[in-house]
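Written below as structure tokens is the structure these notes are about.
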Amino acid sequence: MATTETPAMDDNIAVPPSADDIPTPPPAEDNGWGELRVIRRNGKVTNFDANKITIAVTKAFLAVEGGNAAASARVHDVVRNITRQVTEALVRRNPDGGTVHIEDIQDQVELALMRTGEHKVARDYVLYREARAQEREQARKEAGEEEHLVNIILADGSVQPLNVQRLRTLVEESCRGLDETDPQVILDDSCRNLFDGVKEGDVSQTLVMSARTLIEKEPNYSYAAARLLMDILRKEALDFLDMPRVDTQEQLAAVYSDYFQSYIKRAVDLELLDPRLAQYDMARITGALQAERDLNFTYLGLQTLYDRYFIHDDKGTRFELPQAFFMRVAMGLAINEIDREGKAIEFYHLLSSFDFMSSTPTLFNSGTLRPQLSSCYLTTVPDNLDGIYSAIRDNALLSKFAGGLGNDWTPVRGLGSHIKGTNGKSQGVVPFLKVANDTAVAVNQGGKRKGAVCAYLETWHIDIEEFLDLRKNTGDERRRTHDMNTANWIPDLFMKRVAEDGDWTLFSPDETSDLHDLTGKAFEEAYCNYEAKAARGEMNIHKTMKAVDLWRKMLGMLFETGHPWVAFKDPCNVRYTNRHQGVVHSSNLCTEITLHTNQNEIAVCNLGSVNLVRHVNEDGLDMEKLEKTISTAMRMLDNVIEYNYYSVPQARNSNLRHRPVGLGIMGFQDALYKQRIVYSSEEALEFADRSMEAVSYYTIKASTDLAEERGRYSSFDGSLWSQGILPYDSLAELAEQRGGYLQVDDSITLDWDHLRERVKTVGMRNSNTMAIAPTATISNICGVSQSIEPTYQNLFVKSNLSGEFTVVNPYLVHDLKKLGLWDEVMVNDLKYYDGSVQPIDRVPEDLKALYATAFEVDPRWLVEAGSRRQKWIDQAQSLNLYMAEPSGKKLDNLYKLAWVRGLKTTYYLRSMGATGQEKTTSSGNDEGKVNLLGAAPGAAPKACSILDPECEACQ
């Protein structure tokens, strides 16, 4: 039978194969699918009618099986089944209604025919569609018609024909220089989804959406989608500034200077930017703008900037383009420099190249009228009502302007303790934590993101057991804090008691106030004295239990609720460079900051991250570039301190005295991929060690350079720095204090003796210099892996405040393409296996090892790498731990290993649900592993998916 006789749905859904009288099948059931609308090939839009699918499929059977097909009960049932499959698929893809192209309906009919086993009908249906498409194309060419002739509605309500040539120019520019991308594919898909009367703004969005759908097949389409998004940004910004529109990025480059000056003037007039920015030498500033860098974003990165970082008027209109954004941030940071234009340009180049990125608060607020640029605030809450509510008020003020908070609640007396002023009994710390929790919810950081706070409590506090329960979903809701992070502040003595199966006693801080400020051996001596007093009946409030029982409850709650996190008090204090000024009582919201606090000082830290993969070449680390990047980055971070807006005086006082900053890294996993290093390997540990050693060396050197130029920080004398004790050197004292419970690799490669002498003689500009933050959002902006994290999944959909984004591992795709293995089947396999390559037989073993995902990497490798980095860092690191199949024994071993390896803090324990745990497996290498506390190496975890919680308050 000739294929041209096979019917297909056309502009009117169905076209009969001949003039024969074909029996009409029974109508399809009405399931409420009328909300969908169909785009016909002429661009007109009609209501969706499922009955037309039934008619078309029936005619297809008639064309293949003859006139008796319509009367066949089998065909009748198959047709109704196919109609149902097609309509359900369309509704799933368009749950809120909307438009669907006729070709998409026909695609679904093909799929349904194949799924039901009607292969002959499906084959003829496909051939008929192809023949009809060729006929239409030939007729269009002979008639000299445009490819897609529809009318669009402009913003002013006027109507004009769609300019297909302009779309082609845009799409071709979006794919220029991007391998494996095809502009025609984007254009064809976009035109299929444009209908007569579509709004002008929806045309550009359709181009973006068409490119987005291709990202899972080719990661470079992410760049193409971002470039098409730039067309929307250009229109919005230039229209707002009453500037002529441009059609391409190349045209924008010619007017970027004029645009930038108009942007600054309008933003100052709207009181969005500091008027001092308008006083810069604009000719010099605009001459440095590099418009082509607007093309370097992934779609996720640019959409994130647009949604949450670009300044806008009170109606939400954004008129800040990417290079203007980076220059605005740079100008703010350089505002107090002598050569402010020169430094602004230097800062701009560092940011816009993605070599370094400042933290989110700095990107939000630099150059604005309220430049709150600091990332983290640490406070200590005193044991009196005025102090408690003053601390909660401080939380609100700090959170309002985008700061992440860490509160030390240990001084607040426990449940049942005596209140002298009223002769009553205290309700303990938990009710006040509930108030702090609700304050964080109420103050949502100016509408930009949720307020965020973490409460810390020491392990000896009498309320510690209730503190562990704060995030439970059961119990008295008045004693639950579902929106607040919590963390245990654990002294080494407790860990020793756990290791030695000893007892542990809980106290109320109003009776043991000195424990709060004691560390190491001094803490141990005082604590043992209080235990003796309790044994003699001389303490009013106390409770003795087995240390291991409390430890198990800590780990149980960590697994059940994700909180409290595990942080270690003594390494944070023994190795604290500025310990002569006070005690570190907590970390921050994301567990990477370790600074002292008291009732007069709120610790503040300013963050930024070096993009590590941008400093790796074929020879490994590019040391020269790394030194140059860190030198400029440290100057930027130091500039924040004077320029910053402080909402509370205690924060200003602390920051100006001690000047701490936190330089970190991101893109660690990318750097491993670039060097073909497996995350779970000794080579990865060595790279973690050597890269952090280099970062530490150049960061400390940069602070001494700033001290030479600008002067030492005021509390330098008496610090570990002043004694020639660098972060690496302080490990020796920690080992001495612990009495043997410490195992850390002590390898070293750089000339630290020379730098040590320079620190002693020249001094340091900053009391603290390094901290590795989560970089949840700024790594998205730069298009690299988050912080020090292993790859989450090789293919997944990422959800954040900007929406949902397909993320695919470009390194994996590149390798599979070289082997001829990247195809639709591989894409579907990755989706089915939650982004894992482990169960896919045709993927070579070396690639399975290289592209193991977070749950396929034995978490002990993460601890070991963290230990290598921690020896060089004067603060801490946000270290997530992934465990596919948690158990009490595994958690016990893992967190004991973290302690014995000298880690200061840990962050989230990310576990997974039971659904799909058997989908993939991985292997780990236990050779050479030593655990002082008997944490015997076990089987490596299996892999699956995880909900991906993000911390955004730091970065």
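The values are calculated or read from the model by the stated rules, or taken from the named source; none is laboratory data. These numbers come from a predicted model, not from an experiment. Ideal geometry is used to build each Cβ from the backbone, glycine not excepted, and the neighbour counts take in all protein chains shown.
Scanning the stretch 796-833 for residues that are under 16 Å from Tyr673 (Cβ atoms) and modelled with pLDDT under 90 yields a single hit, Val807. For the stretch 364-373, residues that are modelled with pLDDT of 95 or more and under 20 Å from Gly662 (Cα atoms) total 1.
Screening Ala776 on (1) buried (at least 18 other Cβ atoms within 10 Å of the Cβ); (2) out of contact with any helix residue (DSSP H, G or I) (no Cβ under 6 Å at 6 or more places or on another chain); (3) in a helix (DSSP H, G or I); (4) modelled with pLDDT under 95 shows it passes everything except condition (3). Could you check, for the stretch 762-773, whether at least one of its residues is modelled with pLDDT of 95 or more and surrounded by fewer than 21 Cβ atoms within 10 Å (Cβ to Cβ)? Yes: the stretch 762-773 contains one or more residues that are modelled with pLDDT of 95 or more and surrounded by fewer than 21 Cβ atoms within 10 Å (Cβ to Cβ). When Phe432, Phe494 are checked against the criterion of being buried (at least 21 other Cβ atoms within 10 Å of the Cβ) and part of a helix (DSSP H, G or I), Phe494 stands alone in meeting it.
Can you find even one residue in the stretch 550-570 that is surrounded by fewer than 17 Cβ atoms within 10 Å (Cβ to Cβ), touching a strand residue (DSSP E or B) at 6+ places or on another chain (Cβ under 8 Å) and either among the acidic types (Asp, Glu) or free of Cβ contacts under 8 Å to residues at least 60 places away in the same chain (or both)? Checked the stretch 550-570: no residue is surrounded by fewer than 17 Cβ atoms within 10 Å (Cβ to Cβ), touching a strand residue (DSSP E or B) at 6+ places or on another chain (Cβ under 8 Å) and either among the acidic types (Asp, Glu) or free of Cβ contacts under 8 Å to residues at least 60 places away in the same chain (or both).
Scanning the stretch 814-830 for residues that are free of Cβ contacts under 8 Å to residues at least 60 places away in the same chain and assigned to a helix (DSSP H, G or I) returns His814, Asp815, Leu816, Lys818, Val825, Met826, Asn828, Asp829, Leu830. Within the stretch 234-249, residues that are in the same structural domain as Phe319 (by TED's automatic domain parsing) sit with their Cβ atoms under 8 Å from residues that are assigned to a loop (DSSP other than H, G, I, E, B) and at pLDDT 95 or above, at 6+ positions apart or across chains, in these pairs: Arg234/Leu321; Glu236/Phe319; Ala237/Phe319; Ala237/Glu320; Ala237/Leu321; Phe240/Phe319; Leu241/Phe319. Remark: Gly739 falls outside the filter, which requires a residue to be of a type outside the set (A, V, I, L, M, F, W, C), crowded, with 18+ Cβ neighbours inside 10 Å and either out of contact with any strand residue (DSSP E or B) (no Cβ under 8 Å at 6 or more places or on another chain) or farther than 30 Å from Asp834 by Cβ (or both). Evaluated against (1) under 20 Å from Leu626 (Cα atoms); (2) under 23 Å from the mean Cα position of the chain (by Cα), Leu321 falls short on exactly one condition, (1). Filtering the stretch 843-858 to residues that are buried (at least 23 other Cβ atoms within 10 Å of the Cβ) and within 20 Å of Asp823 (Cβ to Cβ) leaves only Tyr851.
Quick grid of which residues meet (1) part of a helix (DSSP H, G or I); (2) over 30 Å from Lys496 (Cα atoms); (3) modelled with pLDDT of 95 or more; (4) not aromatic (Phe, Trp, Tyr):
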| site | (1), (2), (3), (4) |
| --- | --- |
| Val678 | no, yes, yes, yes |
| Arg690 | yes, yes, yes, yes |
| Tyr698 | yes, yes, yes, no |
| Ser703 | yes, yes, yes, yes |
| Tyr713 | no, yes, yes, no |
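Scanning the stretch 148-199 for residues that are over 13 Å from Leu228 (Cβ atoms), among the charged types (D, E, K, R) and surrounded by 13 or more Cβ atoms within 10 Å (Cβ to Cβ) yields Glu180, Asp182, Asp188, Arg192, Asp196.
I'd like the residue in the stretch 515-548 that is among the charged types (D, E, K, R) and loosely packed, with under 13 Cβ neighbours inside 10 Å and, out of all such residues, is farthest from Trp409 (Cα to Cα). Checking each candidate, the answer is Arg536. Could you tell me whether any residue of the stretch 158-170 is at pLDDT 75 or above, out of contact with any His (no Cβ under 8 Å at 6 or more places or on another chain), in the same structural domain as Leu187 (by TED's automatic domain parsing) and charged (D, E, K, R)? Looking through the stretch 158-170, at least one residue is at pLDDT 75 or above, out of contact with any His (no Cβ under 8 Å at 6 or more places or on another chain), in the same structural domain as Leu187 (by TED's automatic domain parsing) and charged (D, E, K, R). Residue count for the stretch 107-124, restricted to those that are assigned to a helix (DSSP H, G or I) and over 12 Å from Ala89 (Cβ atoms): 8. State yes or no: is Arg690 under 24 Å from Leu897 (Cβ atoms), out of contact with any helix residue (DSSP H, G or I) (no Cβ under 6 Å at 6 or more places or on another chain), in contact (Cβ under 8 Å) with a residue 60 or more places away in the chain and of a type in the set (Lys, Arg)? Here the answer is yes, as Arg690 does meet what is asked.
I'm checking my understanding of the structure. Among residues of the stretch 460-491 that are under 12 Å from Val429 (Cβ atoms) and in a loop (DSSP other than H, G, I, E, B), which one is modelled with the lowest pLDDT? Filtering first and then ranking leaves Thr481. Set side by side, the residues Thr368, Thr360 differ, and just one is touching a residue at least 24 places away in the same chain (Cβ under 8 Å), surrounded by fewer than 24 Cβ atoms within 10 Å (Cβ to Cβ), of a type outside the set (D, E, K, R) and farther than 20 Å from Leu457 by Cα, which is Thr368.
Within the stretch 374-416, if we keep just the residues that are modelled with pLDDT under 90 and among the polar types (S, T, N, Q), the residue that is nearest to Val648 (Cα to Cα) turns out to be Asn395. Considering only the stretch 527-542, I want to know if a residue exists there that is within 40 Å of the chain's Cα centre (by Cα), at pLDDT 95 or above, over 19 Å from Gly428 (Cβ atoms) and of a type in the set (Asp, Glu). No, there is no match, as no residue in the stretch 527-542 is within 40 Å of the chain's Cα centre (by Cα), at pLDDT 95 or above, over 19 Å from Gly428 (Cβ atoms) and of a type in the set (Asp, Glu). Just to be sure before I move on: is Glu511 outside any helix (DSSP H, G or I), among the acidic types (Asp, Glu), touching a residue at least 60 places away in the same chain (Cβ under 8 Å) and in contact with a helix residue (DSSP H, G or I) (Cβ under 9 Å, 6 or more places away or on another chain) in the structure I sent? Against the criterion (outside any helix (DSSP H, G or I), among the acidic types (Asp, Glu), touching a residue at least 60 places away in the same chain (Cβ under 8 Å) and in contact with a helix residue (DSSP H, G or I) (Cβ under 9 Å, 6 or more places away or on another chain)), Glu511 qualifies.
None of Leu607, Leu612, Leu621 is surrounded by 24 or more Cβ atoms within 10 Å (Cβ to Cβ) and out of contact with any Phe, Trp or Tyr (no Cβ under 7 Å at 6 or more places or on another chain) except Leu607. Of the residues Tyr280, Tyr256, the single one that is of a type in the set (Ser, Thr, Tyr), crowded, with 18+ Cβ neighbours inside 10 Å and more than 28 Å from Arg176 (Cβ to Cβ) is Tyr280. Would you be able to say whether some residue in the stretch 728-739 is assigned to a loop (DSSP other than H, G, I, E, B) and not small (Gly, Ala, Ser)? Scanning the stretch 728-739 turns up at least one residue that is assigned to a loop (DSSP other than H, G, I, E, B) and not small (Gly, Ala, Ser).
Looking at this structure, is Ala224 under 26 Å from the mean Cα position of the chain (by Cα), part of a helix (DSSP H, G or I), small (Gly, Ala, Ser) and buried (at least 20 other Cβ atoms within 10 Å of the Cβ)? So Ala224 passes the test.
Of the residues contained in the stretch 185-200, one or more are found to be closer than 18 Å to Val164 by Cβ, of a type in the set (Lys, Arg) and not in a loop (DSSP other than H, G, I, E, B).
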